[in-house]
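The values are calculated or read from the model by the stated rules, or taken from the named source; none is laboratory data. Since the structure is predicted, the reported quantities are computational estimates derived from the model, not experimental observations. Glycine also receives a Cβ, built like all others from the backbone with ideal geometry; neighbour counts cover every protein chain displayed.
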Amino acid sequence: MGKTAIYPGSFDPITNGHLDILQRGACLFDKVIIAILTNPQKKCLFTVEERIDMISKCIETMPNVEVDTFGGLLVEYAATKGATAILRGLRAVSDFEYEFQLALMNRRLNRDVQTVFLMTGMRWIFTSSSIIKEAARFGGNISGMVPDLVRERLSAKLGGKL
């Protein structure tokens, strides 16, 4: 049995920064599961189904990557999938404190699941789904920050501004 990692997030939408972490994680693990957190409290631009569709198309060339959804505790989801690691990306120092707290809590909840941090490539250090959505809402050029498919879907969702 190979090593499986869970790459959790809202991915609303998936960015080239996410894909950078994913591609490098897919080289480190036998299997990576992109796990979209379903949180009814969080207002997302894209539905879970739309995000699954976009991500599925973005990972077609990655045979050891799949997409799924989960609700509840991440470490419990990881255990049901036989995962031994949680894959997380770090952009700036500001990400570290929050991610460190999450990693420590997850470790306390399940010592068999380790958190693995990968530094985002310099090209993507200021890229986030929130910033991309904000720029897109005002017609900003987000080409190169998200896959073309995602840019097209954002444009359609926001009334063709892009």
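Within the range 90-99, can one find any residue that is at pLDDT 95 or above and either crowded, with 18+ Cβ neighbours inside 10 Å or outside any strand (DSSP E or B) (or both)?
no
Here's a check for you: in the range 20-63, which residue that is assigned to a loop (DSSP other than H, G, I, E, B), among the charged types (D, E, K, R) and modelled with pLDDT of 95 or more is nearest to the chain's Cα centre (by Cα)?
Among them, the one singled out is GLU60.
Only one residue in THR69, THR115 is among the hydroxyl-bearing types (Ser, Thr, Tyr), outside any loop (DSSP other than H, G, I, E, B) and closer than 17 Å to PRO13 by Cβ. Which one?
The match here is THR69.
Exactly one of these conditions fails for SER155: (1) touching a residue at least 12 places away in the same chain (Cβ under 8 Å); (2) under 17 Å from ILE6 (Cβ atoms); (3) among the hydroxyl-bearing types (Ser, Thr, Tyr). Give me its number.
Of the numbered conditions (1) touching a residue at least 12 places away in the same chain (Cβ under 8 Å); (2) under 17 Å from ILE6 (Cβ atoms); (3) among the hydroxyl-bearing types (Ser, Thr, Tyr), the odd one out for SER155 is (2).
Need pairs with beta-carbon distance below 8 Å; first residue over 20 Å from ILE36 (Cα atoms) and within the range 87-102, second surrounded by 15 or more Cβ atoms within 10 Å (Cβ to Cβ); sequence gap 6+ or separate chains.
Every condition considered, the pairs that remain are PHE96/LEU90.
Please find, among THR84, THR69, THR115, the residue that is surrounded by fewer than 16 Cβ atoms within 10 Å (Cβ to Cβ) and of a type in the set (Val, Ile, Thr).
After applying the criteria, what remains is THR69.
Mind checking which residues of the range 120-148 are surrounded by 15 or more Cβ atoms within 10 Å (Cβ to Cβ) and among the hydrophobic types (A, V, I, L, M, F, W, C)?
TRP124, ILE132, ALA135, ALA136, ILE142, MET145, VAL146, listed by residue number.
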